[in-house]
Amino acid sequence: MTASAYVPTLARPILGAYRATAAPIMRLGHMLVFFVRAVLAVPSVLRQYRTEFVRLLSNIAWGNGSIVVGGGTAGVAVVLGFTAGALVAVEGYNFLNLLGLGPATGIISSLVNTRELAPIMASLAFAMQAGCRFTAQLGAMRIAEEIDALESLAIRPIPFLVTTRLMASVIAVIPLYIACLAVTYLTCQVVAGVISGGSIGPYLHYFTMMLSAKDIAYSVLKCVVFVWLSSTVQCYYGFYAAGGPEGVGVAAGHAMRASITVVIMVNMLLTMALWSIDAGARFGG
């Protein structure tokens, strides 16, 4: 047992304020070190843990085939894509139709879905479905001392448990996100056509006029970055969970809140970096 250091009475408020200020900074630094170690372990995974990587890739994408409990991310991504497309169509058409510009909903679909809504929806679906499972799995292993057992067997836990999950997440999310984006486009088009009760030709005209391959590529890039960061955060909280089964639940809650915050903040930064100078949208030739 280590004796506690004596702190003068007048200095205790100052020390308390310092600790309260320094704790988040220290946590952020610890998380950054964890992130770097996980990234640097990618070559080790490709050499030594390919089987575990392939197993996790299948589990993340499909799970046990259900949509909610124990399922993969594919079902949730499709459901959210359908919901997002319908929402954009209803709100966009009703608002623009007040100005007599109902067919211009295609502009809203091509810009809002591609640049903002679809990447956030897909990454949050991934965080809710696969990310929470990462936190629970790693937290349970930490509580049961399985991570310590891996170290005693000369198996490095970060490459085997964390980097494999991060790599599988990035590989799995690309086709899932493209499918989610396609579902969003199709749903928005169908719902807008049903609401308008007319031809979808003008809608498609505005949609194709604004949509570009560069926007789709940037959209996929945003989703990959969001998933990598959110998966890292959730693996971090699970890897360092403490306090028994209750601690695993607390870690899952902290990880989910931190992931949502990180995704929203990074989304703002990426949007400013990718489209703040050149919006890419043109009404004329």
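What to note about this one:
- Evaluation of residue 200 against the conditions (1) crowded, with 21+ Cβ neighbours inside 10 Å; (2) closer than 24 Å to residue 89 by Cβ shows that the sole unmet condition is (1).
- Those helices (runs of 4 or more DSSP H) of the stretch 170-285 in which at least 3 residues are more than 28 Å from residue 37 (Cα to Cα) and among the aromatic types (Phe, Trp, Tyr), considering only elements entirely within it, cover 201-210.
- Meets criteria (among the polar types (S, T, N, Q), surrounded by 15 or more Cβ atoms within 10 Å (Cβ to Cβ) and within 21 Å of the chain's Cα centre (by Cα)) for residue 187: no
- Test set (1) over 12 Å from the mean Cα position of the chain (by Cα); (2) modelled with pLDDT of 90 or more - residue 260 fails condition number: (1)
- Only one of 47, 19 that is in a helix (DSSP H, G or I), closer than 27 Å to residue 240 by Cβ, among the charged types (D, E, K, R) and modelled with pLDDT of 85 or more: 47
- Residues in the stretch 89-114 that are surrounded by fewer than 18 Cβ atoms within 10 Å (Cβ to Cβ), modelled with pLDDT of 85 or more and not hydrophobic (A, V, I, L, M, F, W, C): 91, 94.
- The set of residues from the stretch 221-265 being crowded, with 24+ Cβ neighbours inside 10 Å and farther than 15 Å from residue 131 by Cβ comprises just one member, 222.
- Lone unmet requirement of (1) at negative phi; (2) touching a residue at least 40 places away in the same chain (Cβ under 8 Å) for residue 217: (2)
- Within the set 117, 150, the sole residue that is among the hydrophobic types (A, V, I, L, M, F, W, C), at pLDDT 85 or above and under 23 Å from residue 53 (Cβ atoms) turns out to be 150.
The values are calculated or read from the model by the stated rules, or taken from the named source; none is laboratory data. A quick note: this is a predicted structure, and the numbers were derived from the prediction, not measured. No Cβ is skipped: glycine too gets one built from the backbone with ideal geometry, and neighbour counts run over all protein chains shown.
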